[in-house]
Amino acid sequence: MSLGRVDAGGMTAIAKPPRARREPREGSRLLPYLLVAPAIAFLALFFLVPLAQTVLLSVTADGALSFGNYARMANDLNFAAAIRDTFMLVVAVIPLQVALALAMGVMLQKLGRGRDLVLWIWTIPLGVSDLAAGLVWLAILQNSGYLNSALYGLGLITGPTPWLNAETPLTLFAGIALAEIWRATAIVLVILVAGLQLIPKEFGEAADIFGATPWTKFRRITLPLLKPSLQSALILRTVLAFEVFAAVYALGGRNFPVIAGEAFIWQSENQNYGVAAAYAVLIMAISLAATLVYLKALRTRPETLP
Amino acid sequence: MRVQRRFLLLTGVGVLCAWVLVPIYLIALGALGGRASVFKWPKSVWPAGTSLDSLLAFLRIEGVWQAALNSVIAACLTMLLAIALGLPAGYALARFPFRGADAFRLILLMTRAFPLAILSLPLTVIFIRVGLYDTPIGVALVHTALALPFAALISAGLFAGIPRELEEAAWVFGCSRAKAFRKVVLPLAMPGIAAVAIFAFVISWNEVFAASVLTVRHRTLTAYLLTVLAESPLHYRFAGGFILIVPSVLFIFAVRKYLFAMWGVSNR
C-alpha cells in the first residue's frame, strides 16, 4: 500500500535515475519509515493508548484520583484465592511443561524417519484454544467421563465420581493443570526445537570423542546453548499463563477463581470498569516482573554463543 | 543396550503422541455421540452409534451459526489487517538499515511481555462511543494488535531469506521498486505469507477474553460458548469444543513447514 503511494507520487517521472544506478531512487530514505508507519500507528492506537487508559482507569474513582479501585479489589472475597490459585497453577504447570518440551525436543533429535509426522502431532495443541482445551478435558474428567469409566473398569471406583467440584479442590486443580499442560506445551516445544536446531553438531561430536555420556552432553552442551530459547519460551509461556481463564471456566466454573477471570467478572457482570482495570494492571505488573526475572536469571553473553 | 535405548525412545514417542491425540479423539466421541452417549455409564472408548446429529443439533441452536459467522468475519479481518500492516513493516526491517529499526524490532518483541488481550478492557468505553462495540470489526482490531507483531517479525524473516540480488536484477531491467516487489519478491514469499495469514486467523479464531469483553449480542464462537457454558448440556459443550478445534488443527497442518521458521526468527 505504502509502496503504491510512493509510486503514485510520481517521483520516477520527475527524477529518472541514470542507468548505472542500480537502486531506484524513489524516496529511498523515507521509504522504510513509510512502510513501518502504519504498523507503528496501529500499535500506538491499540497497545499504548489502552495501556495508558487501563492505568488511568484503575486510579480514578468517581472522577477523582484515588486508590479506591485497588482497595476494593484487595478487599474482594475472591481476591486472595484468585492470586493463590493463579500462582499455584503457574508454578505447577510451567516447570512441567519445560521439562516435557525438553524431553520431546531431545527425542525428536534422535528420531530419523517419521520425525515430521511426530512433530506435527506434537504441535497440534498449538491450534487449540484454551476454551476448547478445557472442554476436551471436561469430556474426560466429568462424572460419567472416560477417566471414571476406565477407573470403574479397573475396579477402583464403584460408580460415577465427581472430580471437578468445589468439594474436590485438589483434583479440580490437577484437572486444570492437566488441560494447561496438554494445550500449551506445544508452544514451548516449538521454540525449543527452533533453538536446538541452532546448536552445531560438532559440539556433540567433540564431546563423544572425549567419551561424554548423553546426560553430560545434555547438561554441559545442550542446556547452556539453549538458554536464549529457554528464556523466550519461559517469558512467552509465563505471560500467557497469568492470563489463564477460559480453560478454568470450562472445567471448574466459578469454583476456581483466577486473576483474569476476576477481571472479566468485574467488567462484564459487575460493570465496574475501575476494579476490572485494577485487576488488569495487576496482571501486567506480574507479567512484567516475571519477564524481568527471566531476563536477569537467564542472561547470556552474546560471545558465548556459537 | 542399543536396542533397549531405541525401544525406550520409541515407547516414549508413542506415549507422548497418544497423550496429544487421545483427548482429541475422546472429545470427538463426546461431540458425535449425542445425548445418550454423554450420560452412558460406563463409557466405551470405541465409537458406537456415533452420528452427526448432536453436532447438527448444536448448530441449529439459535445464535450458533451467527456466532460462527462472526468468528470467521473477525478472523478474516484480523488476517487482512495483520498482513496489510505487518508485511510492509517486515519488508522494511529486512531490506533497509534505517535508524530506529532496532528500536522498532524491540517494541515488537516487547508486546509479547504484555497480556495484550487484557488491554481490551478500557477499549470497551471507546468502542461504545465510536460504534465499534459489539461488532466483529472491533474484535478484529484487538486481535490484530495480537497478531501484528508476529506478522511483522515473521515476514521480516521471510523477506530476509529472499536474495537481494533478484530484486536488483529486476531494477536493472527497469522495474520500479514497487514492480520489482510485485513481480519478483511477492511470488517467492507467497507461501510464507499464506502461513502468516493462517497464523493470524488462528490467533483470532481461538481468542476468548477480548472477544467476550467486547461483544454482547454479536458474540464470536468462543465468546458465545463461554457465556452459555454454565447452562448448556454437556453434549452441546463437547460439540462446541470440537467445532472450535477442527479448523485449527487443519490450519496447523497447513503451516507446519513454517512453524519453526516463525519461532526461530522471533527467538533472538
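FYI, it's all coordinate maths here, none of it is from the lab. Remember, predicted model here, so these are calculated numbers, not experimental data. Quick reminder, even Gly has a Cβ in these numbers, built from the backbone with ideal geometry, and neighbours come from all protein chains shown.
Assorted remarks:
- Kyte-Doolittle mean at least 1.0 and Cα axial length at least 27 Å: DSSP H helices in chain B: B:2-38, B:64-95, B:136-160, B:186-206, B:234-254
- Ranked by how many other beta carbons lie within 10 Å on average, peptides A:226-238, A:99-111 from highest: A:226-238, A:99-111
- What you get for chain B, charging only the Cβ of Lys and Arg (+1) and of Asp and Glu (-1), is a dipole of about 620 debye around the Cα centre.
- DSSP H segments from chain A that extend 27 Å or more along their own axis, Cα-based, with Kyte-Doolittle mean of -0.5 or above: A:79-110, A:169-196, A:273-297
- Under the criterion of Cα pairs below 8 Å and six or more residues apart, the relative contact order for chain B equals 29 percent.
- Other protein chain Cβ atoms within 10 Å, averaged over every residue that makes up B:208-216: 4
- The Cα atoms of segment A:180-282 cover 66, 26, 17 Å along the three principal axes, with the biggest extent listed first.
- Here is how the number arises for the protein assembly as shown: DSSP H runs of 4 or more residues each give -39500 (n - 2.57), the sum is divided by the residue count, and the result at 222 nm is -22500 deg cm²/dmol.
- Binned Cα-Cα distances of segment A:70-304, short to long, each 10 Å bin given as a whole percent: 7, 26, 29, 22, 13, 4, 0
- Rounded, prolate or oblate (a/c below 1.5 giving rounded, otherwise prolate when a/b exceeds b/c) for segment B:1-122 by Cα gyration tensor: oblate
- Projected over all directions and averaged, the alpha-carbon convex hull of segment B:1-51 occupies 4.4 nm².
- Label-point separation, residue B:40 to residue B:230 (7 Å along Cα→Cβ), nm: 3.2 nm
- Distance between modelled label sites at residue A:168 and residue A:52, nm, 7 Å Cα→Cβ extension: 5.1 nm
- Size check on the protein assembly as shown: the Cα extents along the three principal axes, sorted descending, read 88, 72, 48 Å.
- Full-stretch length increase - residue B:4, residue B:165 - with 0.36 nm per residue and alpha-carbon distance subtracted: 52.8 nm
- Counting only lysines at least 8 places from residue B:257 when in the same chain, those with an alpha carbon closer than 30 Å to its own are A:110, A:201, A:217, A:227, B:179, B:183.
- Note on chain A: with a GNM built from Cα contacts shorter than 10 Å, the maximum mean-square fluctuation among A:164, A:223, A:34 falls on A:34.
- Shape category assigned to chain B from the gyration tensor of Cα positions, a/c cut at 1.5: oblate
- For segment B:72-184, average projected area of the Cα convex hull in nm²: 8.8 nm²
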